[in-house]
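The block underneath contains the structure these notes are about, expressed in structure tokens.
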Amino acid sequence: MNPIMTKKAITLALVFNIISLLNSCHCATERYFDYKGIESSALLRSSSDERPILLITTTYKDTYHLAQSKPQFTFGTSAYAMSGCEKGYDGEKYLVEKISIKSNADIDDQHPAGTELRDLLKTYNHIDYNTTDLVYLSEIDFKRANKNFLYLDLTPTAAKHIFTVEFTKSNGEVLTAITPEINWKWELENFDTKKGQRN
């Protein structure tokens, strides 16, 4: 094959590959996900040194996928699409910008019933993926941190607690969940540190 024919063949191959790449970007129109509610629970789990600590878990309810406001094409998103990207691959449409957690009972002298608990709760910040250190909720980077698992590493004054959890999203929406009551004294008495959960 002469050089001119070779050049034409390469050009045609590139053109058809680019067209295929463009046509493959099907999931970019539903690249985000959102949710209409949250639900939370509180239970004891074992810490790294086998001490029982409170874990407040929050999950999303009624999750759905949606498009970006102004669809944009990039070769990056198309290449991702070719690899079989799933709906919502770009994450939350409206990021959580604030988390508020309160108890209906006293935690300690500085945190009576109804007090904000951001300075007591910890989670994984995930800014540096080489560390697993927990940081306080009041110090996290909301764009990166794990917001669904929060830890309270102390024994509260009151025995029974119901926690109210609020997520404030970047679009101003506030979602609220109330945990079932946790009986701290009963949980501690029935806690198996080896299993990391109650018996």
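The values are calculated or read from the model by the stated rules, or taken from the named source; none is laboratory data. Since the structure is predicted, the reported quantities are computational estimates derived from the model, not experimental observations. Positions of Cβ are backbone-derived with ideal geometry, glycine not excepted, and every protein chain shown enters the neighbour counts. Ligands, DNA and RNA are excluded from the accessible area calculation, which covers all protein heavy atoms including side chains. Shrake-Rupley method; radii C 1.70, N 1.55, O 1.52, S 1.80 Å.
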| Of the residues in the stretch 27-49, how many are of a type in the set (Ser, Thr, Tyr), more than 21 Å from PRO180 (Cα to Cα) and buried (at least 17 other Cβ atoms within 10 Å of the Cβ)? | 2
| field | Hits in the stretch 104-118 (condition: exposed (fewer than 13 other Cβ atoms within 10 Å of the Cβ) and either modelled with pLDDT under 85 or among the charged types (D, E, K, R) (or both)) | value | ASP109
| remark: Reported set for the stretch 87-118 where residues are part of a loop (DSSP other than H, G, I, E, B) and touching a residue at least 60 places away in the same chain (Cβ under 8 Å) is LYS87, TYR89, LYS93, TYR94, LEU95, ASN104
| message | Please verify whether SER83 is open to solvent by less than 20 Å² (accessible area, probe 1.4 Å) and either at pLDDT below 65 or within 18 Å of THR123 (Cβ to Cβ) (or both), treating the condition exactly as stated. | response | no
| message | Of all residues being among the acidic types (Asp, Glu) and at pLDDT below 95 in the stretch 140-172, which is nearest to ARG51 (Cα to Cα)? Just the residue, please. | response | ASP153
| THR132 vs. criteria out of contact with any Asp or Glu (no Cβ under 8 Å at 6 or more places or on another chain), at pLDDT below 80, more than 18 Å from LYS98 (Cα to Cα) and open to solvent by 80 Å² or more (accessible area, probe 1.4 Å) | yes
| message | Quick check on LYS93: is it of a type outside the set (Val, Ile, Thr), farther than 14 Å from PRO156 by Cβ, modelled with pLDDT of 80 or more and touching a helix residue (DSSP H, G or I) at 6+ places or on another chain (Cβ under 8 Å)? | response | no
| field | Test set (1) in contact with a strand residue (DSSP E or B) (Cβ under 9 Å, 6 or more places away or on another chain); (2) more than 27 Å from PHE191 (Cβ to Cβ) - ASN104 fails condition number | value | (2)
